[in-house]
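The values are calculated or read from the model by the stated rules, or taken from the named source; none is laboratory data. All of these numbers come straight from a predicted model, not from anything done at the bench. For neighbour counting, all protein chains shown are included, and Cβ atoms are generated from backbone atoms with ideal geometry for every residue, glycine included.
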Amino acid sequence: MSICKPSCITGAPPVGYVNNCNITTRSGGISRLVWIVCSPNFPAFQYAPAAGSTNGWTNYKNWEWALCQGLMYMTGDVLGNQDAASFTKKKISSCGPEETIAGTQPVIWQDYNADDTNFFDFDFYAFIKSNKRFLKFGYVSCGDLAYLYDGLWDIESSPVIEQDGITGNTYHQNTVTMSTVESVKPIKVTGLLDALSAFSTSTTCYG
(Lines give C-alpha, C1' and ligand atoms only; values in the text may rest on other atoms or scores of the structure.)
Protein backbone atom coordinates (compact mmCIF):
# COMPACT_ATOMS: atom_id res chain seq x y z
CA MET A 1 0.00 0.00 0.00
CA SER A 2 1.40 3.41 -0.97
CA ILE A 3 1.56 6.36 1.41
CA CYS A 4 -0.64 9.28 0.38
CA LYS A 5 1.60 12.36 0.54
CA PRO A 6 0.96 14.20 -2.73
CA SER A 7 2.88 17.25 -1.49
CA CYS A 8 6.09 15.17 -1.58
CA ILE A 9 5.84 14.81 -5.37
CA THR A 10 7.22 17.81 -7.22
CA GLY A 11 8.70 18.60 -10.61
CA ALA A 12 6.76 16.00 -12.58
CA PRO A 13 7.49 16.17 -16.34
CA PRO A 14 4.71 16.55 -18.91
CA VAL A 15 3.36 13.19 -20.03
CA GLY A 16 1.75 14.20 -23.30
CA TYR A 17 4.44 12.45 -25.36
CA VAL A 18 3.01 9.06 -24.39
CA ASN A 19 -0.37 9.82 -25.95
CA ASN A 20 0.73 10.03 -29.58
CA CYS A 21 -1.24 8.07 -32.14
CA ASN A 22 1.84 5.92 -32.80
CA ILE A 23 4.82 4.91 -30.71
CA THR A 24 7.80 7.17 -31.40
CA THR A 25 11.12 5.34 -31.25
CA ARG A 26 14.73 6.50 -31.00
CA SER A 27 17.49 5.07 -33.19
CA GLY A 28 20.40 3.16 -31.69
CA GLY A 29 24.14 3.08 -32.26
CA ILE A 30 27.06 4.92 -30.67
CA SER A 31 29.30 6.59 -33.23
CA ARG A 32 31.98 8.33 -31.17
CA LEU A 33 33.35 8.54 -27.65
CA VAL A 34 34.65 11.80 -26.20
CA TRP A 35 36.59 12.88 -23.13
CA ILE A 36 36.51 16.42 -21.82
CA VAL A 37 39.30 17.95 -19.77
CA CYS A 38 38.23 18.72 -16.21
CA SER A 39 39.06 22.41 -15.93
CA PRO A 40 37.65 25.09 -13.59
CA ASN A 41 37.74 27.53 -16.52
CA PHE A 42 35.82 25.29 -18.92
CA PRO A 43 33.38 25.36 -20.50
CA ALA A 44 33.62 29.05 -21.32
CA PHE A 45 32.08 28.47 -24.72
CA GLN A 46 33.23 30.41 -27.76
CA TYR A 47 29.88 30.19 -29.53
CA ALA A 48 26.30 30.79 -28.40
CA PRO A 49 23.99 27.80 -27.73
CA ALA A 50 21.58 26.64 -30.40
CA ALA A 51 18.35 28.59 -30.59
CA GLY A 52 16.01 27.83 -27.71
CA SER A 53 18.74 26.37 -25.47
CA THR A 54 21.04 27.64 -22.73
CA ASN A 55 23.51 24.74 -23.06
CA GLY A 56 26.59 25.63 -25.09
CA TRP A 57 27.10 22.01 -26.08
CA THR A 58 24.01 22.25 -28.33
CA ASN A 59 26.11 24.19 -30.84
CA TYR A 60 28.44 21.84 -32.74
CA LYS A 61 30.90 24.71 -33.26
CA ASN A 62 31.72 24.55 -29.54
CA TRP A 63 32.72 20.92 -29.98
CA GLU A 64 35.11 21.92 -32.76
CA TRP A 65 36.43 24.75 -30.60
CA ALA A 66 37.00 22.42 -27.62
CA LEU A 67 38.89 19.97 -29.85
CA CYS A 68 41.04 22.77 -31.24
CA GLN A 69 41.83 24.03 -27.73
CA GLY A 70 42.92 20.58 -26.55
CA LEU A 71 39.99 20.49 -24.11
CA MET A 72 38.37 17.46 -25.74
CA TYR A 73 39.60 14.17 -27.17
CA MET A 74 37.55 11.87 -29.36
CA THR A 75 37.70 8.50 -31.07
CA GLY A 76 37.09 7.92 -34.73
CA ASP A 77 33.88 6.27 -35.89
CA VAL A 78 33.34 3.11 -33.83
CA LEU A 79 30.93 0.23 -33.34
CA GLY A 80 29.32 0.96 -29.99
CA ASN A 81 26.35 0.37 -27.72
CA GLN A 82 25.14 0.97 -24.18
CA ASP A 83 24.09 -2.11 -22.26
CA ALA A 84 21.46 -2.28 -19.54
CA ALA A 85 22.55 -1.07 -16.12
CA SER A 86 23.31 -3.27 -13.12
CA PHE A 87 21.97 -2.19 -9.75
CA THR A 88 22.87 -2.86 -6.13
CA LYS A 89 20.04 -3.06 -3.61
CA LYS A 90 20.11 -2.83 0.16
CA LYS A 91 17.55 -2.96 2.92
CA ILE A 92 17.67 0.41 4.67
CA SER A 93 14.39 0.21 6.56
CA SER A 94 13.16 -2.62 8.76
CA CYS A 95 9.57 -2.06 7.65
CA GLY A 96 10.28 -1.55 3.95
CA PRO A 97 11.63 -3.48 0.96
CA GLU A 98 15.15 -3.34 -0.42
CA GLU A 99 15.98 -0.12 -2.26
CA THR A 100 18.40 0.63 -5.06
CA ILE A 101 21.45 2.35 -3.57
CA ALA A 102 24.05 2.10 -6.36
CA GLY A 103 24.40 1.17 -9.99
CA THR A 104 26.75 0.85 -12.94
CA GLN A 105 26.06 1.56 -16.59
CA PRO A 106 28.41 0.20 -19.27
CA VAL A 107 29.18 1.71 -22.66
CA ILE A 108 30.91 -0.82 -24.91
CA TRP A 109 32.63 -0.31 -28.25
CA GLN A 110 35.03 -1.83 -30.75
CA ASP A 111 37.46 0.60 -32.33
CA TYR A 112 38.74 -0.60 -35.71
CA ASN A 113 40.63 2.64 -36.48
CA ALA A 114 44.31 1.76 -36.87
CA ASP A 115 47.55 3.66 -37.36
CA ASP A 116 50.16 1.29 -38.78
CA THR A 117 52.84 3.99 -39.01
CA ASN A 118 53.16 5.33 -35.47
CA PHE A 119 50.54 3.13 -33.74
CA PHE A 120 48.94 6.20 -32.21
CA ASP A 121 45.74 4.22 -31.57
CA PHE A 122 47.58 2.41 -28.75
CA ASP A 123 48.89 5.73 -27.40
CA PHE A 124 45.39 7.20 -27.44
CA TYR A 125 43.87 4.59 -25.13
CA ALA A 126 46.95 4.57 -22.91
CA PHE A 127 46.53 8.34 -22.57
CA ILE A 128 42.86 8.02 -21.62
CA LYS A 129 43.61 5.36 -19.00
CA SER A 130 46.48 7.37 -17.51
CA ASN A 131 44.47 10.58 -17.22
CA LYS A 132 40.98 9.26 -16.44
CA ARG A 133 40.89 11.03 -13.06
CA PHE A 134 40.96 14.38 -14.86
CA LEU A 135 38.59 13.66 -17.74
CA LYS A 136 34.83 13.66 -18.11
CA PHE A 137 33.27 11.01 -20.34
CA GLY A 138 30.72 11.33 -23.11
CA TYR A 139 29.39 9.60 -26.21
CA VAL A 140 27.51 10.54 -29.36
CA SER A 141 24.73 8.48 -30.92
CA CYS A 142 24.09 7.95 -34.61
CA GLY A 143 21.17 10.38 -34.26
CA ASP A 144 23.27 13.44 -33.25
CA LEU A 145 22.43 12.94 -29.57
CA ALA A 146 25.24 13.77 -27.14
CA TYR A 147 25.41 12.06 -23.75
CA LEU A 148 27.74 13.91 -21.37
CA TYR A 149 28.39 12.24 -18.02
CA ASP A 150 29.68 14.21 -15.05
CA GLY A 151 30.51 11.52 -12.53
CA LEU A 152 32.82 8.63 -11.66
CA TRP A 153 33.80 6.21 -14.42
CA ASP A 154 36.42 3.61 -15.27
CA ILE A 155 37.73 2.23 -18.56
CA GLU A 156 38.83 -1.23 -19.64
CA SER A 157 40.68 -1.35 -22.96
CA SER A 158 42.42 -4.24 -24.68
CA PRO A 159 43.55 -5.01 -28.25
CA VAL A 160 41.90 -8.00 -29.93
CA ILE A 161 43.53 -9.86 -32.84
CA GLU A 162 41.16 -12.12 -34.74
CA GLN A 163 42.61 -15.46 -35.87
CA ASP A 164 41.96 -15.22 -39.62
CA GLY A 165 44.68 -13.21 -41.35
CA ILE A 166 42.56 -12.68 -44.48
CA THR A 167 39.09 -11.82 -43.18
CA GLY A 168 39.98 -11.02 -39.57
CA ASN A 169 40.90 -7.69 -38.01
CA THR A 170 42.74 -6.20 -35.08
CA TYR A 171 40.75 -3.77 -32.99
CA HIS A 172 40.51 -2.24 -29.52
CA GLN A 173 37.78 -3.69 -27.29
CA ASN A 174 36.68 -1.08 -24.77
CA THR A 175 34.23 -0.65 -21.92
CA VAL A 176 33.57 2.47 -19.88
CA THR A 177 31.56 1.81 -16.73
CA MET A 178 29.72 4.80 -15.28
CA SER A 179 28.99 4.63 -11.55
CA THR A 180 25.45 5.94 -11.33
CA VAL A 181 21.86 4.88 -10.88
CA GLU A 182 20.65 7.84 -12.93
CA SER A 183 20.27 7.71 -16.70
CA VAL A 184 22.37 10.18 -18.70
CA LYS A 185 19.95 12.52 -20.44
CA PRO A 186 20.98 13.34 -24.02
CA ILE A 187 21.10 16.71 -25.72
CA LYS A 188 20.38 17.24 -29.41
CA VAL A 189 23.30 18.70 -31.37
CA THR A 190 22.19 19.14 -34.97
CA GLY A 191 25.05 18.57 -37.41
CA LEU A 192 27.42 17.17 -34.78
CA LEU A 193 28.41 13.90 -36.47
CA ASP A 194 29.01 15.64 -39.79
CA ALA A 195 31.19 18.22 -38.03
CA LEU A 196 33.19 15.57 -36.17
CA SER A 197 33.63 13.47 -39.31
CA ALA A 198 34.98 16.52 -41.18
CA PHE A 199 37.11 17.76 -38.28
CA SER A 200 40.75 18.49 -39.08
CA THR A 201 43.17 20.52 -36.98
CA SER A 202 44.78 21.91 -40.13
CA THR A 203 41.54 23.35 -41.50
CA THR A 204 39.07 23.65 -38.63
CA CYS A 205 41.52 25.10 -36.10
CA TYR A 206 43.72 27.22 -38.33
CA GLY A 207 41.87 27.60 -41.61
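Scan Phe127, Phe122, Phe134 and give me the residue that is farther than 29 Å from Lys89 by Cα and in contact with a Cys (Cβ under 8 Å, 6 or more places away or on another chain).
Phe134
Starting from region 44-73, take each residue that is touching a residue at least 24 places away in the same chain (Cβ under 8 Å) and list its partners that are of a type in the set (Asp, Glu) and not in a loop (DSSP other than H, G, I, E, B), counting only C-beta distances under 9 angstrom and pairs at least six apart or across chains.
Short answer, once both residue conditions are applied: Tyr60/Asp194.
Anything in region 145-175 that is of a type outside the set (A, V, I, L, M, F, W, C) and touching a Phe, Trp or Tyr at 6+ places or on another chain (Cβ under 7 Å)? List them, or say none.
Listed by number, the residues that qualify are Tyr147, Tyr149, Ser157, Asn169, Tyr171, His172, Asn174.
Testing Ala50 on (1) in a loop (DSSP other than H, G, I, E, B); (2) loosely packed, with under 13 Cβ neighbours inside 10 Å, one condition comes back false. Which one is that?
Going through (1) in a loop (DSSP other than H, G, I, E, B); (2) loosely packed, with under 13 Cβ neighbours inside 10 Å one by one, Ala50 breaks only (2).
Residue under question is Asp77, and the condition is that it be surrounded by 10 or more Cβ atoms within 10 Å (Cβ to Cβ), farther than 23 Å from Phe124 by Cα, in contact (Cβ under 8 Å) with a residue 24 or more places away in the chain and within 15 Å of the chain's Cα centre (by Cα); does it hold?
no
Got at least one residue in region 133-148 being of a type outside the set (Phe, Trp, Tyr), in a loop (DSSP other than H, G, I, E, B), surrounded by fewer than 16 Cβ atoms within 10 Å (Cβ to Cβ) and under 17 Å from the mean Cα position of the chain (by Cα)?
Checking region 133-148: at least one residue is of a type outside the set (Phe, Trp, Tyr), in a loop (DSSP other than H, G, I, E, B), surrounded by fewer than 16 Cβ atoms within 10 Å (Cβ to Cβ) and under 17 Å from the mean Cα position of the chain (by Cα).
Within region 187-202, take every residue that is in contact with a Leu (Cβ under 9 Å, 6 or more places away or on another chain) and assigned to a helix (DSSP H, G or I) and give me the one that is surrounded by the fewest Cβ atoms within 10 Å (Cβ to Cβ).
Here the answer is Thr201.
Does at least one position in region 112-123 carry a residue that is surrounded by fewer than 19 Cβ atoms within 10 Å (Cβ to Cβ), of a type in the set (A, V, I, L, M), part of a strand (DSSP E or B) and modelled with pLDDT of 95 or more?
no
Among the residues of region 114-127, are any within 17 Å of Gly29 (Cα to Cα) and in contact (Cβ under 8 Å) with a residue 40 or more places away in the chain?
no
Each row is one residue, and each column tells you yes or no for (1) aromatic (Phe, Trp, Tyr); (2) part of a loop (DSSP other than H, G, I, E, B); (3) more than 30 Å from His172 (Cβ to Cβ).
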site	(1), (2), (3)
Tyr17	yes, no, yes
Ile36	no, no, no
Asn41	no, yes, yes
Trp63	yes, no, no
Leu67	no, no, no
Phe87	yes, no, no
Pro97	no, yes, yes
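Hey, among Val184, Val160, Val176, which residue is in contact (Cβ under 8 Å) with a residue 60 or more places away in the chain, of a type outside the set (Phe, Trp, Tyr) and outside any loop (DSSP other than H, G, I, E, B)?
Going through Val184, Val160, Val176 in turn, the sole match is Val176.
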